[in-house]
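Engineer: Below is one structure. I have some questions about it.
The values are calculated or read from the model by the stated rules, or taken from the named source; none is laboratory data. Treat the numbers as computed from the prediction; the structure is a model and nothing was measured. Here the Cβ is made from the backbone with ideal geometry for all residues, glycine too, and neighbour counts use every protein chain on show. Surface accessibility is based on the protein's heavy atoms, side chains included, excluding ligands, DNA and RNA. Shrake-Rupley method; radii C 1.70, N 1.55, O 1.52, S 1.80 Å.
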Amino acid sequence: MGAAPIAEADFIRSVADALQYISVYHPPDFVAHLTRAYEREESPTARSAMAQILVNSRMSALGKRPMCQDTGTVNVFVKIGMQARIDSRRSLAELVDEAVAHAYTDPANPLRASIVADPIFERRNTGNNAPAVTHVEMVSGDRLKVTVAAKGGGSENKARFAALNPGASIVDWVLETVEGLGAGWCPPGLLGIGVGGTAEKAMILAKESLLAPIDMTDLLARGPASKLEELRIEIYEAVNALGIGAQGLGGLTTVLDVKIATHPTHAASKPVGLIPQCVADRHMSFVLDGSGPATFVPPSIDLWPQIALAGAGETRRVDLDRITPEEVAGWKAGETLLLSGRLLTGRDAAHKRMAAMLDRGEPLPVDLKGRAIYYVGPVDPIGDEVVGPAGPTTSTRMDPFTDQILAATGLLVMIGKAERGPAAIDAIRRHGAAYLIAVGGAAYLVSKAIRSSRVLALEDLGMEAIREFTVEDMPVTVAVDATGTSIHTTGPAGWRRPQIRAGGAPVSA
């Protein structure tokens, strides 16, 4: 006899529990590889960013709260044995979506709802982060293997595809592509590469490759055993030689591992997909055989290194309630600040709404003159929290509105993550403003600097509403100063290393 039927309730509970689990715990292999990268990092700014990420990861594990405010699009890969059976009259996608709704609205640990139902017009939030993106494969056997992953928007937006000529170099394309991605995908992380099949197959291969165990340290120690492993090492070393570093600040490590999955393809084709995975690496697998729901054991807290973050020292303290253009003009790119006082929030939807109001000649719902605004969509609070995890979102999405907002309102300071585009940097320079970055992937840590939170305007936007935080010693780095100097340009340039290719020449893989 085959395995017993899998109960509908067991499937839903297992997927929901897994989603809660991965929101809180990094995979042990990721923590181990990030710790090694931190220990060998020579760039002080990149090392500080890694320290904050590791401390945040440990805090999330202890506090059982999301490691990142962007709790992700849910991706579920289900491999169904040909002899397996789920005791349900509903579709598999319906079961997955119910599990997502349960997980993301769990009052003990609510996760941020980020999914909008209509991707083109209304873009209305579904309120429970469903539906998921579900992939199903029929395999041999009588069990179900389920892999759940939560993919943040910052890294997902950096996915790329190319239909290369058969003789074109994958290495060259990856290097050119990664260098153009910027830091919005929150390195240090992973690169998933899919080669072959068709366009959609290559992208699925790239995403699935990110679910494999991280083993680059072992691979480098033992040496490659195949051409594919040689290619992984070559891309790993070449990407890190770009000097992009943690958070794009410049440093030795941009990627912790490179994964490559392949599939046979047409003789005239070489489809290649690339999907980066940010520092919020969240995924796990489990098997159901009809004997009950899956169980998940938390990792030992000893997995995480004990890191004491640097104190204030010579760090400049800033009173947000009294900042002036003259003070902002004295900040220098790369400098660390500790912010205290009242801080506004607003991201994509709020900026679009404000820009439309300015176009119509209407007054804005908040006065931005002389203020600082933080690009964030926080997780809802629980217990005695004033706000849930509240890390920065990718700032380039606000670039189209930057010049108009600065010119019309007198806004002085913007805070987000990753680089700004040339037009935004020029606007910052012309208006004597500054752009600061908080560490992406340290959302729970950042939230501990927030002492109060209240909604001021645009409450209908949910997590994208305009809020006012009161913060105390919130750590940030000056990314673009009032002269237009960008740390995301000067930092990587100082850490870029010559590319050493196999055989001393470019390789066409």
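Engineer: Per residue, what accessible area does the chain have, given a 1.4 Å probe and all protein chains present, in Å²?
Structural biologist: Per residue, the chain has an accessible area of 41 Å².
Engineer: Mind listing which chymotrypsin sites (Phe, Trp or Tyr not before Pro) in the range 118-225 are in a DSSP loop and have 12 or fewer other Cβ atoms within 10 Å?
Structural biologist: 121
Engineer: Over the range 153-288, with every protein chain in place, what whole percent of the accessible area is carbon and sulfur at 1.4 Å, could you tell me?
Structural biologist: 56
Engineer: If you don't mind, there's one more thing I want to ask. Bin width 20 Å, origin at 0, all Cα-Cα pairs of the chain: what percent of pairs per bin?
Structural biologist: That works out to 23, 55, 21, 1, in percent per bin.
Engineer: Relative to the longest principal axis of the C-alpha atoms of the chain, give the angle of the C-alpha long axis of helix 170-181, reported between 0 and 90° and rounded to the nearest 10°.
Structural biologist: The two axes meet at around 30 degrees.
Engineer: Still on this structure: Return the whole-Å distance between the Cα centroid of the range 188-243 and the Cα centroid of the range 418-441.
Structural biologist: What the calculation gives is 32 Å, centre to centre.
Engineer: Place a point 7 Å from Cα of residue 367 in the direction of its Cβ. Which residues in the range 398-428 have their backbone N less than 20 Å from it?
Structural biologist: Only 405-414 pass the distance filter.
Engineer: Calculate the FRET efficiency for residue 176 and residue 426 from the Cβ-Cβ distance with a Förster distance of 41 Å, rounded to the nearest 0.05.
Structural biologist: The calculated FRET efficiency here is 0.95.
Engineer: How about the chain: what cysteines have no other cysteine beta carbon under 4.7 Å from their own?
Structural biologist: Unpaired cysteines in the chain: 68.
Engineer: Identify the GluC sites (Glu not before Pro) of the range 261-330 meeting these criteria: DSSP loop state and at most 12 other C-beta atoms within 10 Å of the C-beta.
Structural biologist: Answer in residue order: 314.
Engineer: Modelled label-to-label distance, residue 455 and residue 221, 7 Å Cα→beta-carbon offset: nm?
Structural biologist: It is 5.2 nm.
Engineer: Further, regarding this structure: With the crude spin-label approximation of a point 7 Å out along Cα→Cβ, what separation in nm comes out for residue 90 versus residue 265?
Structural biologist: Roughly 3.9 nm, to one decimal.
Engineer: In terms of Cα to Cα distance under 16 Å, which lysines are near enough to residue 207, apart from those fewer than 8 places away along the same chain?
Structural biologist: 79, 151, 158, 259
Engineer: To continue, here is another question. Heads up, I need the accessible area for residue 203: 1.4 angstrom probe, whole protein in place, Å², nearest 10.
Structural biologist: My reading of the accessible area for residue 203 is about 50 Å².
Engineer: Further, regarding this structure: Only loop residues by DSSP count here, and only those with at most 13 other Cβ atoms within 10 Å; note down the GluC sites (Glu not before Pro) in the range 44-131 that meet that.
Structural biologist: Filter output for the range 44-131: 122.
Engineer: Another question, if that's okay. What is the sum of charges, Lys and Arg at +1 and Asp and Glu at -1, for the other residues whose Cβ falls under 15 Å from the Cβ of residue 5?
Structural biologist: -1
Engineer: Right, next: Just for the chain, what percent of DSSP beta bridges are antiparallel, to the closest 5?
Structural biologist: 60
Engineer: Report the accessible area of residue 289, computed with a 1.4 Å probe over the heavy atoms of all protein chains in place, in Å² rounded to the nearest 10.
Structural biologist: 50
Engineer: List, in order, the whole-Hz ³J(HN,Hα) value for each residue of the range 429-435 obtained from phi through the Karplus relation with A = 6.51, B = -1.76, C = 1.60 and θ = phi - 60°; use x for Gly and Pro.
Structural biologist: 5, 5, 9, x, 9, 8, 10
Engineer: Give the separation of the Cα centroids, the range 80-125 to the range 261-316, in Å.
Structural biologist: Each part reduced to its Cα centre gives a spacing of 20 Å.
Engineer: I've got another one for you. What nm value, rounded to one decimal, do you get for the distance between residue 164 and residue 468 when each label is placed 7 Å out toward the C-beta?
Structural biologist: Rounded to a tenth, the inter-label distance reads 5.4 nm.
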